[in-house]
Amino acid sequence: MKVLLWIELLIYLAKEIVVAAIQVAGYALFKGRGVTPALVRFPLRVRTPGGIYLLSSLITLTPGTISVDIENGDLLVHVIHTETPDNVVESIRRGFEDRVLALMGEAR
């Protein structure tokens, strides 16, 4: 049922916004200590224009991340801090992309 998928996505987004806002505030308060910004290529599994738009919007709504560009099936994402690019890809994939795929009726 799509209504439940939307509710689950919105609850997850709200949690991510709160957690990320606290992290970004910490970086600001401590003058960016320990911050490792990066541009990360995220290989998209979402193929529909609406799904790509939704995923990139969810990423941009989350403090500390912004969708920059789409090129050759990859979404370029700027993150304020990451240990490795693989961490970013896995986090977006599990957190947002799987939910968007389910909402759009695309195979995972």
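No value in this document is a laboratory result; all are computed from the given coordinates. Note that the coordinates shown come from a computational prediction; the quantities given were computed from them, not determined experimentally. Reconstructed Cβ throughout: ideal geometry from the backbone, glycine too, with neighbour counts over all protein chains shown.
Things worth noting here:
- Karplus-derived 3J(HN,Hα), 6.51/-1.76/1.60, for each residue of region 53-70, Hz, glycine and proline x: 4, 4, 4, 5, 5, 4, 4, 5, 5, 7, x, x, 9, 8, 7, 9, 7, 10
- Panel order for THR65, THR36, by other beta carbons found within 10 Å of each beta carbon, from fewest to most: THR36, THR65.
- Farthest towards the positive end of the charge dipole of the chain, among the residues LEU55, THR36, ILE7, is the Cα of ILE7, using unit charges on the Cβ of Lys, Arg, Asp and Glu.
- Hydrodynamic analysis of the chain uses the Kirkwood radius over alpha carbon pairs. Inserted into Stokes-Einstein at 25 °C and 0.890 mPa s, it gives a translational diffusion coefficient of 171 µm²/s.
- The calculated 222 nm mean residue ellipticity attributable to helices in the chain amounts to -16500 deg cm²/dmol, summing -39500 (n - 2.57) over DSSP H runs of n ≥ 4 and dividing by all residues.
- For region 39-46, the Karplus equation 6.51 cos²θ - 1.76 cosθ + 1.60, evaluated at θ = phi - 60°, returns couplings of 9, 10, 8, 9, x, 6, 9, 5 Hz by residue, with Gly and Pro reported as x.
- Dipole magnitude of region 19-108, debye to nearest 20 (Cβ charges: Lys/Arg +1, Asp/Glu -1, about Cα centre): 200
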